[in-house]
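The values are calculated or read from the model by the stated rules, or taken from the named source; none is laboratory data. Because the structure is predicted, anything quoted here is derived from the model rather than measured. Methodologically, a virtual Cβ is constructed for each residue, glycine included, from the backbone with ideal geometry; neighbour enumeration extends over all protein chains shown.
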Amino acid sequence: MQSSEITKHLPFLSVPDLMTRRAASVLGRSTVSVCLASLFVASVCAGDLISIDGFFDEWAAVPVAVPDPEGDGITEDIALLRITNDSSSLFLDLAFHNPEFTLRSQNSITLYIDTDEDAQTGLAIHGIGAELEWCLGCASGVFHQAQGAENLGRNDSEVLIAPAYTSRRFELALSLASNPMTLNGTQVPGRLSIVVAASGQGDFLPDAPVGVEYVIDSSPLQGPPPISLTRLQESHLRLMSYNTEFSGILDPERQPFFERIIKALNPDIMAFQELRNAAAVEAVIAEWLQVPLFSVEVMGNTLVSRFPILDSTVLIP
Ligand SMILES: [Ca+2]
Ligand SMILES: [Ca+2]
Ligand SMILES: [Ca+2]
């Protein structure tokens, strides 16, 4: 679900002063100096409040863990890495010198993370012993554990990346609760050693064959302020896009959830995917919002509007 007005004004993008920050602990053995949640919710506790949304305002107070030179890459040319965490995720801010590209596909940029503070265990790579090997552009990886290597799929490491479109800078979240992080539930990750390798290992961060050491910060952190759903100006038009999955709005069991959300957002124009029977949808939502509505259905998608719909067409057949 997306609401354009709300997304544009997410308050946690500009509230670093409300956060209780503390110095983090990236203990670079070579170079390093340094330190120290989804669309509507940033996790509370520890490190920094990061939202994987493709906006980088909240990274401003997080120091660069490792800069990487320009011109030493073959495919991608890594530029820098920032690291922080909250109670549930490890967050990375990863930037490149090369032209914009899509991090989520068509590359083999790989994260290697030693999660057990032991260079002698896991995959021996670039001076560390990595339990987690994760190829960003492949959305797959390997858990290198004592019992042998285990292939990881898209859901096993719970890696989030934004933006999804082309960019030179990306923010990532990796679950601290995944099996490679907890060694199958036998540890709470405390100190990590991280290496980033460009496709084909054409550029490494850090350059020297060591990892960037990062100590997970478990100190409490003040949560984000509540997000106001009040329009900044009454004249604003509020648009909502919502995939309802199998005509969910017409499912009596799921209707209370949709009613709560739609009443709270109070949109002017609602673009629903996977929702047929526009007339029935219009009637249900008109009852919820207590306003007259208009609707049209095109190819299994329903548009509901407070304003008359004069015409409709399929832009992408
Ligand atoms: Ca962000
Ligand atoms: Ca580089
Ligand atoms: Ca290890």
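In segment 293-317, the residues that are acidic (Asp, Glu) reach residues that are assigned to a loop (DSSP other than H, G, I, E, B) and surrounded by fewer than 17 Cβ atoms within 10 Å (Cβ to Cβ) with C-beta atoms within less than 8 angstrom, at least six apart or across chains, in these pairs: GLU297/ARG276; GLU297/ASN277. Counting only residues that are buried (at least 17 other Cβ atoms within 10 Å of the Cβ) and under 14 Å from ARG154 (Cβ atoms), which one in segment 106-142 is nearest to ligand 3 (Cβ to nearest atom)? The qualifying residue nearest to ligand 3 (Cβ to nearest atom) is VAL142.
Residue-by-condition table, conditions (1) at negative phi; (2) surrounded by fewer than 18 Cβ atoms within 10 Å (Cβ to Cβ); (3) away from ligand 1 (no atom under 16 Å from the Cβ):
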{"position": "VAL196", "(1), (2), (3)": "yes, no, yes"}
{"position": "SER199", "(1), (2), (3)": "yes, no, yes"}
{"position": "GLY202", "(1), (2), (3)": "yes, yes, yes"}
{"position": "GLY211", "(1), (2), (3)": "yes, no, yes"}
{"position": "LEU232", "(1), (2), (3)": "yes, yes, yes"}
{"position": "LEU237", "(1), (2), (3)": "yes, yes, yes"}
{"position": "MET240", "(1), (2), (3)": "yes, no, yes"}
{"position": "SER247", "(1), (2), (3)": "no, yes, yes"}
{"position": "GLN255", "(1), (2), (3)": "yes, yes, yes"}
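Would you check if there is a residue in segment 146-169 being in the same structural domain as TRP59 (by TED's automatic domain parsing), surrounded by 15 or more Cβ atoms within 10 Å (Cβ to Cβ), outside any loop (DSSP other than H, G, I, E, B) and more than 24 Å from the chain's Cα centre (by Cα)? No, every residue in segment 146-169 fails to be in the same structural domain as TRP59 (by TED's automatic domain parsing), surrounded by 15 or more Cβ atoms within 10 Å (Cβ to Cβ), outside any loop (DSSP other than H, G, I, E, B) and more than 24 Å from the chain's Cα centre (by Cα).
In segment 183-241, the residue that is farthest from GLY129 (Cα to Cα) out of those that are of a type in the set (Val, Ile, Thr), in contact with a strand residue (DSSP E or B) (Cβ under 6 Å, 6 or more places away or on another chain) and more than 16 Å from ligand 2 (Cβ to nearest atom) is ILE216. Would you check which residues across segment 77-123 are under 16 Å from TYR165 (Cβ atoms) and not polar (S, T, N, Q) and list them? Hits for segment 77-123 are LEU94, ALA95, PHE96, PRO99, GLU100, PHE101, LEU103, ARG104.
Counting only residues that are within 16 Å of ligand 2 (Cβ to nearest atom) and of a type outside the set (A, V, I, L, M, F, W, C), segment 53-99 holds 15 of them. For segment 65-113, a residue qualifies if it is touching a helix residue (DSSP H, G or I) at 6+ places or on another chain (Cβ under 7 Å) and part of a strand (DSSP E or B), and the qualifying residues are ARG82, ASP93.
Scanning segment 116-145 for residues that are charged (D, E, K, R) and either within 16 Å of ligand 2 (Cβ to nearest atom) or in a loop (DSSP other than H, G, I, E, B) (or both) turns up ASP116, GLU117, ASP118, GLU131.
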